[in-house]
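Here's the structure, in structure tokens; my notes come after.
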Amino acid sequence: MKVIVGLGNPGRQYERTRHNIGFEAIDYIAGKNQIEISSRKHKALIGSGYLGGQRVLLVKPQTFMNLSGESLRGIMDFYKLEPSDFIVIFDDISLDVGQLRIRRKGSAGGHNGIKSIISHLGSMDFPRVKIGVGEKPKGYDLADYVLGHFLKNELEIYDDVFPDVDNAVKLMVIDDISGAMNQYNKKARK
């Protein structure tokens, strides 16, 4: 079983913010693949279904971003999984708006949600899908930027990006991470 995790913060005030792009991606994947996210356990909202013939859990941790690892640790222990069974989708300010970057593993790169996951899983060896939200403008506070809402033209870009995220994740759940990287690690659309 693979666990596809979208990172974000719970609560209406965080909807459609840059930091919640992982939640948005999970909602898109759930809708596209008729998976209902209706269960609340392991400090998360969870849906169970199939992608590419592989059983998956879609997970939206409800711990707030900086504690995301608490939720994943509970899931890992309950289902007896390895860190490599998780695919984590999250925002990245070092990528242009809408640019995807798929990686097999890696450091936190300054992302507090990923830091928490690495700490709780005891490993950096889990695949991830980074979704670019654009660089913080000069003079902006980082927290204000990532917790800020997207501009209208940026939202339109994501409407085009989410199908790519869905297709990349489908390759990743059947362990074709190289195929996902080759096909979807490309520059953002302008």
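The values are calculated or read from the model by the stated rules, or taken from the named source; none is laboratory data. Since we're looking at a predicted model, the values are computed, not measured. For neighbour counting, all protein chains shown are included, and Cβ atoms are generated from backbone atoms with ideal geometry for every residue, glycine included. These accessible areas exclude ligands, DNA and RNA; they are computed on the full protein's heavy atoms, side chains included. Shrake-Rupley method; radii C 1.70, N 1.55, O 1.52, S 1.80 Å.
Which pairs have Cβ atoms under 6 Å, sit 6 or more apart or on different chains, and link a residue in region 132-155 that is within 10 Å of residue 97 (Cβ to Cβ) to one that is open to solvent by 90 Å² or more (accessible area, probe 1.4 Å)?
Sorted first by the residue in region 132-155, then by its partner, the list stays empty.
For region 110-132, which positions are surrounded by 13 or more Cβ atoms within 10 Å (Cβ to Cβ) and in a loop (DSSP other than H, G, I, E, B)?
Passing the criteria: 111, 123, 124, 125, 126, 127.
Results for (1) open to solvent by 50 Å² or more (accessible area, probe 1.4 Å); (2) not in a loop (DSSP other than H, G, I, E, B), shown as yes or no for each residue.
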residue	(1), (2)
88	no, yes
102	no, yes
134	no, no
167	yes, yes
170	yes, yes
178	yes, yes
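Look at residue 89 and say whether it is under 22 Å from residue 186 (Cβ atoms), of a type in the set (Val, Ile, Thr) and touching a Lys or Arg at 6+ places or on another chain (Cβ under 9 Å). First the steps, then the outcome.
Working: under 22 Å from residue 186 (Cβ atoms): yes; of a type in the set (Val, Ile, Thr): yes; touching a Lys or Arg at 6+ places or on another chain (Cβ under 9 Å): yes.
The answer is yes for residue 89.
What is the residue count in region 48-84 for residues that are open to solvent by less than 30 Å² (accessible area, probe 1.4 Å) and closer than 17 Å to residue 37 by Cα? Spell out how you get there, then give the answer.
Let us first name the residues in region 48-84 that are open to solvent by less than 30 Å² (accessible area, probe 1.4 Å), namely 49, 51, 56-61, 63, 65, 68-69, 71-72, 74-76, 81, 83.
This time we only want the ones that are closer than 17 Å to residue 37 by Cα, so: 49, 51, 56-61, 63, 71-72, 75.
Here the count works out to 12.
How many residues does region 10-29 hold that are within 13 Å of the chain's Cα centre (by Cα), open to solvent by 10 Å² or more (accessible area, probe 1.4 Å) and not aromatic (Phe, Trp, Tyr)?
At the first step, the residues of region 10-29 found to be within 13 Å of the chain's Cα centre (by Cα) are 18-29.
Now narrow it down to the ones that are open to solvent by 10 Å² or more (accessible area, probe 1.4 Å): 18-19, 23-24, 27-28.
Going one step further and asking which of them are not aromatic (Phe, Trp, Tyr), we end up with 18-19, 24, 27.
Qualifying residue count, region 10-29: 4.
Is region 32-53 home to any residue that is assigned to a loop (DSSP other than H, G, I, E, B) and modelled with pLDDT under 95? Full working, then the answer.
Step one: list which residues in region 32-53 are assigned to a loop (DSSP other than H, G, I, E, B), which gives 33-36, 42-43, 52-53.
Next cut, modelled with pLDDT under 95 only: 52-53.
Checked against the condition, which is being assigned to a loop (DSSP other than H, G, I, E, B) and modelled with pLDDT under 95, region 32-53 yields at least one hit.
Select from region 144-162 the residues that are closer than 20 Å to residue 33 by Cα and open to solvent by 40 Å² or more (accessible area, probe 1.4 Å) and list them in ascending order.
Pass one, region 144-162, residues closer than 20 Å to residue 33 by Cα: 158-162.
Selection gives 159, 160.
Look through 74, 53, 110 and report the one residue that is of a type in the set (Gly, Ala, Ser) and within 24 Å of residue 132 (Cβ to Cβ).
Only one candidate qualifies: 110.
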